[in-house]
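The values are calculated or read from the model by the stated rules, or taken from the named source; none is laboratory data. This is a predicted model, so every value here is computed, not measured. When we count neighbours, we look across all protein chains shown, and the Cβ atoms used for this are built from the backbone with ideal geometry, even at glycine.
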Amino acid sequence: TFESEVFEYSERDVILYNLGIGATRKDLYLVYENNDAFCAVPTFGVVPSFKSMNAVPFGDILPSFNPMMLLHGEQYLEIIKPFPTHGKLVSTPYVVDILDKGKGCVVTIGVKTTDENGDDICINEFTMFIRGAGNFGGKKEGADRGAATAANQAPSRKPDHIVTEKTHENQAALYRLSGDWNPLHIDPDMAAIGGFDVPILHGLCSFGIAGKHIFKTYCNNDPKNFKNIKVRFAKTVNPGETLETSMWREGNKVLFQVRVVERDAIVISNAAVELQGDALKA
Ligand code: HDC
């Protein structure tokens, strides 16, 4: 394991996160602390772990590491206890797997987050795809870790629900204030080093937007109904593009994918949310 980091937050951080994933003044329960149902969209669970992720010494794990070649490849988040709207949480990262995919190296870092009493709050798995860092003679396939590695193939039938949302040109500039300060998402010169024409949107911003669509559609706006979420970031998204989330309910799972409408490109694939609680009755 790596160093633990403490993340102390207030309602302000919850509102900032919700705004960063496209909540509006009309979503009072997401942007107004005095609303009775005020809560963080459950994908907020990635935020407390970020400080600890930023401290992971990738240069020690991977020789000649270039941060601009790192892309977020996949994310898994499991919520054990819904987040308080303020508090102090402790996150501890650890290495889950390092894979050699030839054209890239795939590194998965797990992060366990607990509250002040030591009770588990959530577990994340961040999978990073580091372009050009493969062919080091490592293993090619990881272990089956259940929901964290599920293939989640989108069914061929028509989606049960589709939600479309245009992101804002300033979406990445706003989202980064929730803790991912990576210059790839704001600095045109750094984005160019990574091979991009413009700073790209955070994977976890699209993840949050899609997670919000599923939360609103299937969870009756109650975080207790949202168990876990897993996605693959299949293609990059530029701030300003329109995201279309297609959802298919299959038992306790909502399989989903996200398409950029302007380019007809699937940007999130192999994705699902597992429901629990009252959401299973519907
Ligand atoms: O899928 C390609 C891609 O571009 N995806 C989009 C990536 C993206 O936009 N991510 C979000 C933005 S970046 C970001 O948000 C950074 C953030 O700030 C970081 C936060 C993390 C904390 C940091 C702390 C410092 C790409 C380039 C990833 C792969 O595409 P290709 O090169 O075409 O690969 P392909 O031929 O399809 O597959 C090769 C093997 O790799 C596996 N694979 C593919 N996509 C993957 C992936 N593995 C994990 N994640 C992905 N997204 C394939 O399965 C294949 O493996 P195998 O040969 O075994 O089948």
What number goes with the only condition from (1) more than 13 Å from the ligand (Cβ to nearest atom); (2) under 15 Å from Leu71 (Cα atoms) that Ile162 does not pass? (2)
Within the bounds of the range 122-135, is there any residue that is away from the ligand (no atom under 14 Å from the Cβ) and modelled with pLDDT of 95 or more? yes
If you take the residues in the range 191-219 that are away from the ligand (no atom under 13 Å from the Cβ) and free of Cβ contacts under 8 Å to residues at least 60 places away in the same chain, which one is surrounded by the most Cβ atoms within 10 Å (Cβ to Cβ)? His213
For the structure I just gave you, tell me whether Gly102 is of a type in the set (Gly, Ala, Ser), closer than 22 Å to Glu274 by Cα and within 13 Å of the ligand (Cβ to nearest atom). no
For the range 32-45, state whether one or more residues are away from the ligand (no atom under 14 Å from the Cβ) and modelled with pLDDT under 95. no
Return the residue satisfying two criteria in turn: it lies in the range 52-64 and is surrounded by 15 or more Cβ atoms within 10 Å (Cβ to Cβ) and at pLDDT 85 or above, and of such residues it is farthest from the ligand (Cβ to nearest atom). Ser52
For the range 53-83, what are the residues that are farther than 30 Å from Leu255 by Cβ and not aliphatic (A, V, I, L, M)? Asn54, Pro57, Phe58, Gly59, Asp60, Pro63, Ser64, Phe65, Asn66, Pro67
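Would you mind finding the one in Leu71, Leu19 that is touching a Gly at 6+ places or on another chain (Cβ under 8 Å) and either assigned to a loop (DSSP other than H, G, I, E, B) or buried (at least 16 other Cβ atoms within 10 Å of the Cβ) (or both)? Spell out how you get there, then give the answer.
Values: Leu19 fails: touching a Gly at 6+ places or on another chain (Cβ under 8 Å).
Going through Leu71, Leu19 in turn, the sole match is Leu71.
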